[in-house]
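S.K.: After the structure tokens below, expect a handful of questions from me.
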Amino acid sequence: MTDARHAPATMRNRAPLAEVFRRVLPPGARVLEVASGTGEHAVYFASELDVVWQPSDADPDALRSIEAHRRASTDPDVAGGARCHPPIAIDASSVPWSIEADAVDAIVCINMIHISPWDASVGLFQNAGALLSSGAPLLTYGPYRVNGEQTSASNVKFEQWLHSLDPSFGVRDIDDLRTVAAAAGIELDARVPMPANNFTLVWRKE
């Protein structure tokens, strides 16, 4: 059985995400992706964008899936590691991460904040604040509450499902994230509406 796993949502959201990333990520940026999951996003963005992608995850099965997708890529610069590096183990909630600050120009985190304990979000912003240089972007994607309210009935049902998986999971409020971000020297620069009642949040190091 192959180690490569598949997430159906990846095929639906990768093109809209790439549009945002093209506008925000500097040309040639060295991008650290936190919680890369299956690895399908990592391989796609490394192929489609002018970036060097560093995938990561805390789950050993995810790390194997990422590597399987990377090696199976038809883009030799991705499969060979020139544009998509082999995955590294990072637990978002741990502080500090084992990565050098001068090796990161931007950080991306897709669909992690709502399906992880709050400590993972805190760790994400604390480490981003330590690793990113002034003005550098942190991009997070997923469903969010706005001013304490869900943005759709479907997100209400989605959060109920999240709580059934783990009571510590949940759709986070953007204002709560802004408080954590501010403590790490990061501010919200833009909120970009995305399909399926999601947002891409563009954060920047002050």
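The values are calculated or read from the model by the stated rules, or taken from the named source; none is laboratory data. In this text, all values refer to a predicted model and were calculated from it rather than measured experimentally. Because the Cβ atoms are built from the backbone with ideal geometry, glycine has one as well, and the counts that use them run over all protein chains shown. Protein only, heavy atoms only, side chains kept; ligands, DNA and RNA dropped before computing areas. Shrake-Rupley method; radii C 1.70, N 1.55, O 1.52, S 1.80 Å.
S.K.: What Kirkwood hydrodynamic radius, in Å, does segment 1-51 give when the mean of 1/r is taken over all pairs of distinct Cα atoms and then inverted?
M.R.: Averaging 1/r across every pair of different Cα atoms and inverting gives 11.8 Å.
S.K.: If you take the beta carbon distance between HIS163 and GLU206 as r and set R0 to 35 Å, what does 1/(1 + (r/R0)^6) give as a FRET efficiency, to the nearest 0.05?
M.R.: 0.55
S.K.: Whole number in Å², please: accessible area per residue of segment 84-125, 1.4 Å probe, ligands, DNA and RNA not counted.
M.R.: Result: 41 Å² of accessible area for each residue.
S.K.: Measure off 7 Å from each Cα along the Cα-to-Cβ vector at ALA182 and ASN197, then give the distance between these two points in nanometres to one decimal.
M.R.: 2.8
S.K.: Taking 0.36 nm per residue of sequence separation and subtracting the Cα-Cα distance, how much length would be gained by fully extending the chain between ILE99 and ALA9, in nm to one decimal?
M.R.: Values: separation 90, 0.36 × 90 = 32.40 nm, distance 2.87 nm.
So the chain would gain 29.5 nm between ILE99 and ALA9.
S.K.: With the contact rule set at Cα under 8 Å and sequence spacing of 6 or more, what percent relative contact order holds for the chain?
M.R.: Values: 403 pairs, mean separation 37.5, N = 206.
Relative contact order comes out at 18 percent.
S.K.: Sticking with this one: Leaving out ligands, DNA and RNA, what percent of the accessible area of segment 42-167 is carbon and sulfur, probe 1.4 Å?
M.R.: Values: 2830 of 5520 Å².
Using a 1.4 Å probe with all protein chains present, segment 42-167 comes out at 51 percent carbon and sulfur.
S.K.: What translational diffusion coefficient, in µm²/s and rounded to a whole number, does the Stokes-Einstein relation yield for segment 39-118 at 20 °C and a viscosity of 1.002 mPa s, taking the hydrodynamic radius as the Kirkwood radius over Cα pairs? Each step should come with its number before you reach the end.
M.R.: Numbers: Rh = 13.2 Å.
Rounded, D is 162 µm²/s.
S.K.: Give the whole-number value, in cubic angstrom per residue, of the convex hull volume spanned by the C-alpha atoms of segment 52-206.
M.R.: 124
S.K.: Please list, in order along segment 65-79, the HN-Hα scalar couplings obtained from phi with the Karplus expression 6.51 cos²θ - 1.76 cosθ + 1.60 (θ = phi - 60°), rounded to whole Hz, x for Gly and Pro.
M.R.: The phi angles translate into 5, 4, 5, 5, 5, 5, 5, 8, 4, 7, 8, x, 6, 7, 4 Hz.
S.K.: Next up: By its C-alpha gyration tensor, with a ≥ b ≥ c as the square roots of the eigenvalues, how is segment 1-143 shaped: rounded for a/c under 1.5, else prolate for a/b larger than b/c, else oblate?
M.R.: Because its axes are fairly even, with a/c under 1.5, segment 1-143 counts as rounded.
S.K.: How much space per residue, in cubic angstrom, does the convex hull of the C-alpha atoms of segment 156-200 take up? Don't skip to the end; give the middle numbers.
M.R.: Working: hull volume 3.9 nm³, N = 45.
Measuring per residue, one finds 86 Å³ for the Cα hull of segment 156-200.
S.K.: If you don't mind, there's one more thing I want to ask. Please identify the GluC sites (Glu not before Pro) of segment 75-165 that satisfy two criteria: DSSP loop assignment and at most 13 other Cβ atoms within 10 Å. Which are they? Display every interim value, and only then the final one.
M.R.: On the way: sites: GLU100, GLU149, GLU159; in loops: GLU100.
Those that pass, being in a loop and sparsely packed, are GLU100.
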